[in-house]
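Trainee: To start, I am sharing the structure in question, which I have written as structure tokens.
The values are calculated or read from the model by the stated rules, or taken from the named source; none is laboratory data. Since we're looking at a predicted model, the values are computed, not measured. For neighbour counting, all protein chains shown are included, and Cβ atoms are generated from backbone atoms with ideal geometry for every residue, glycine included. These accessible areas exclude ligands, DNA and RNA; they are computed on the full protein's heavy atoms, side chains included. Shrake-Rupley method; radii C 1.70, N 1.55, O 1.52, S 1.80 Å.
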Amino acid sequence: MSHEPVEETVYEVFGQTDRGEPYVQLGSLPAADPEMGLMLARELFSRRGEVISLWLVERQEIHATERLDGDLIRGTDRTYRMGEGYRVTVEKRQRLRRVKP
Amino acid sequence: MTDQARLEAFEAKIAGGEKIESDDWMPELYRKQALRLILTHANSELMGALPEREWIPRAPGMHRKLAVLAKVQDEIGHAQLIYRVAEDLARPLGLTRDDFMQDLISGKAKFHNVFSYPAPTWADVGVIAWLVDGAALVTQGALLRTSYGPYGRILRRICAEEAIHLKHGEDIVLTLAAGTADQRQMLQDALSRWWEPLLHFFGPPDEVSPNTEQMVRWGIRLKSNEEMRQEFLQNYAPKILEIGLLPPDPGLRKDPVSGVWQYTQPNWDVFWKVVRGDGPKTKERLELRRMAYEDQLWVRQAVRGTHHVA
Ligand SMILES: [Fe+2]
Ligand SMILES: [Fe+2]
């Protein structure tokens, strides 16, 4: 009984803790096929019923951006996209109240 | 980018508290050090299941049986998760899970000293789950902030489960402590047996190897052996004393001024002997591991799809 050594498939595992919750990456596992992978995923990530549903995605099927440097992104001024960029509206309201006759 | 510039950018990332991911550039030494630490952990989870596994058929009552069974399953699950993290890290080095297993079985790779000891009584099962898992939780808790992202992520799940093991162990211990004189004696004997291995668990206090310093500098590990041993004593010694158990060390006391726990140094020659593969149960358990690895080849082939040249 001899086989050629073959490359095994790595799957990324995602799980949903409850209806309405997002699927979150839990880890990865190697498996012969999706059926085996899902069985293994249940054993590895939901022994205590932590998730109500699991997704298995072949790692090589994932399309990803490059990972950017956190400081580099957050260094750019994006306050116009953020709530805290508009705190001044409260002051404007107060000023208006003061000038009202 | 030059290697020097890449190294500087890498170190700046770590200094800024950012995590390293498996597909990031990293110095070869970082890769090897992280891999060695992670594999020691994975091997320990796998070998750690063996002493307790012996107790599944003998645990008193259905509930205890299920609890020990679940714990053993958890430890094997932990090993699976950690080996997967190690596989990604080891890939550029050309190493696979099969290499990890061969190194473990041949005695080349290390696992924690505590898993080389027998568990002769039911009280040992309680002491292991409470204090050995407690000690493991101290080291793993310190690693939650490791600079290697994939390891830190998987540790969150593992630590949560270790905390459950600890409760299960404490429950066994407290039940025996409230039991008959014989049960109390069995418990005291188990504690006396495990005390030295538990002090050994964190490693020698004066480890100042350049290797360790580099690992701390790169945030692969974060606390020294002695810091973790102190944390363990601080957490568990009062709880042990409170239930009337006596650690076999007349020198054990907390310095009222410094808050530092004083203890008699365990015999470190014994520690090194065990680490080198000469513990009371090391060979027997590695042999069991080898048999399981060989007998279950067909399961791995079915589940993982690996086809080895048999
Ligand atoms: Fe574990
Ligand atoms: Fe555990």
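Trainee: Net charge near B:Trp218, counting Lys/Arg +1 and Asp/Glu -1 over other residues with Cβ under 11 Å of its Cβ?
Mentor: Value of the local net charge: +2.
Trainee: Note the buried accessible area between A and B here, summed over both chains, with a 1.4 Å probe, in Å² to the nearest 100.
Mentor: Chains A and B together bury roughly 2400 Å² of accessible area.
Trainee: Continuing with the same structure: Among the residues of the range B:143-174, which ones have their accessible area go down by 50 Å² or more when all the protein chains sit together, as opposed to their chain alone (1.4 Å probe)?
Mentor: Residues passing the criterion (a loss of at least 50 Å², heavy atoms only) are B:Arg157.
Trainee: Less than 17 Å from a label point 7 Å out along the Cα-to-Cβ axis of A:Glu50: which backbone N atoms in the range B:84-108 qualify, by residue?
Mentor: B:84-86
Trainee: What are the residues of the range B:285-307 that lose 50 Å² or more of accessible area, with a 1.4 Å probe, going from their chain alone to all protein chains?
Mentor: B:Val303, B:Arg304, B:His307
Trainee: Next question, about the same structure. Which one, B:Pro60, B:Ala42, B:Pro210, is farthest towards the positive end of the dipole of the range B:3-309 when Lys and Arg carry +1 and Asp and Glu -1 on their Cβ?
Mentor: Result: B:Pro60, furthest along the dipole toward the positive end.
Trainee: In addition: Please state the charge dipole magnitude for the range B:8-165, taken about the Cα centre, from unit charges on C-beta atoms (+1 on K and R, -1 on D and E), reported in debye and rounded to the nearest 20. Could the numbers behind the result be given before it?
Mentor: Details: 19 positive and 21 negative charges, 69 e Å.
Computed charge dipole of the range B:8-165: roughly 340 debye.
Trainee: At B:Leu222 and B:Ala302, where each label point lies 7 Å from the Cα along Cα→Cβ, what is the point-to-point distance in nanometres?
Mentor: Between B:Leu222 and B:Ala302, the simple spin-label model gives 4.2 nm.
Trainee: What whole number of Å gives the distance from the Cα centroid of the range B:59-104 to the Cα centroid of the range B:228-306?
Mentor: Each part's Cα centre sits 17 Å from the other's.
Trainee: Further question on the same structure: Need one number: nm distance between label points at B:Thr175 and A:Arg74, each 7 Å from Cα along Cα→Cβ, rounded to one decimal.
Mentor: 4.8
Trainee: Return the FRET efficiency for the residue pair B:Asp295, A:Arg87: r is the Cβ-Cβ distance, R0 is 56 Å, and the value is rounded to the nearest 0.05.
Mentor: 0.25
Trainee: Can you pull the percent of the range B:3-309's accessible area that's carbon plus sulfur, 1.4 Å probe, other chains left in place?
Mentor: 57
Trainee: By average Cβ neighbour count within 10 Å, what is the ranking of B:134-140, B:71-77 from highest down?
Mentor: Taking the mean over residues of other Cβ atoms within 10 Å, the ranking is B:134-140, B:71-77.
Trainee: With the cut-off at 1.5 for a/c, could you classify chain B from its C-alpha gyration tensor as rounded, prolate or oblate?
Mentor: Because a/c hits 1.5 or more and a/b fails to exceed b/c, chain B counts as oblate.
Trainee: Which distance in Å, rounded to a whole number, links the C-alpha centroids of the range A:72-92 and the range B:107-183?
Mentor: The range A:72-92 and the range B:107-183 have Cα centres spaced 48 Å from each other.
Trainee: Along Cα→Cβ, 7 Å out, is where each label goes; now give me the distance between the ones at B:Trp272 and B:Leu66 in nm to one decimal.
Mentor: According to this spin-label approximation, the distance is 4.9 nm.
Trainee: Amide H neighbours of A:Thr17 under 5 Å, counting only residues 5+ apart in sequence or on other chains, H built in-plane at 1.01 Å?
Mentor: For A:Thr17, whose amide H was placed from the backbone, the distant partners under 5 Å are A:Ile52.
Trainee: How much accessible area per residue does the range B:222-298 have, counting only protein heavy atoms and a probe of 1.4 Å, in square angstrom? Don't skip to the answer; put the middle values down first.
Mentor: On the way: 4580 Å² over 77 residues.
On a per-residue basis, the range B:222-298 sits at 59 Å².
Trainee: Report, in degrees rounded to the nearest 10, the 0 to 90 angle that the Cα long axis of helix B:149-177 makes with the longest principal axis of chain B.
Mentor: The angle comes out near 10 degrees.
Trainee: A further question on this structure: Of the heavy-atom accessible surface of chain A (probe 1.4 angstrom), what whole percent is carbon and sulfur?
Mentor: The computed percentage sits at 52.
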